[in-house]
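This report concerns only the one structure given below.
Each reported figure results from applying straightforward, stated rules to the coordinates on display, with no laboratory input. Just so it is clear, the structure is predicted and the values come from calculations on it, not from any experiment. Quick reminder, even Gly has a Cβ in these numbers, built from the backbone with ideal geometry, and neighbours come from all protein chains shown.
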Amino acid sequence: MARSRIIQIRVDDDEYDVLAQKGAAVGGMSRLLRDHLGKIQVRHRDDELQRLALLNRMNANLNMIARWANIHKSEAEAIQVQACLAGVRREIGRLLVAMDRR
C-alpha cells in the first residue's frame, strides 16, 4: 500500500536530537515511528482522574473501617467488619472491570 499521508509535528532542538538519534539506530525517523504505532498506549487523562478519585474514596473507606475497628476493639464484630470490607472489594472489582474495558 502506498503511503500518501504526511504527519507534521513541531519539536524543540532537544526533542529533535533524541528522535534523530533513535531514528538513525533503526533506519530513519519514519521507520522508528511506524515501528511504534502499535505499541503506543494513549492515556485518557479524564479517565485516569476518575479512577484516582474512586481509589481515593476507597482508601478513605478503608481508613474509616480501620479507625472504627481500632476505637471499638471490644465491640468490633467480625461480621460487620467483613461486610464493610466486602463493599470495598466490590468497588475494587468494579474499578478493575472498568479498567479492563479501556
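Conditions (1) out of contact with any Lys or Arg (no Cβ under 7 Å at 6 or more places or on another chain); (2) surrounded by 10 or more Cβ atoms within 10 Å (Cβ to Cβ), marked per residue:
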site: I6; (1), (2): yes, no
site: I9; (1), (2): yes, no
site: A24; (1), (2): yes, yes
site: G28; (1), (2): yes, yes
site: L32; (1), (2): no, yes
site: H36; (1), (2): yes, yes
site: K39; (1), (2): yes, no
Give the stretch 29-56 a look and list any residue that's over 30 Å from I7 (Cα atoms) and in contact (Cβ under 8 Å) with a residue 24 or more places away in the chain, or say none. R51, L54, L55
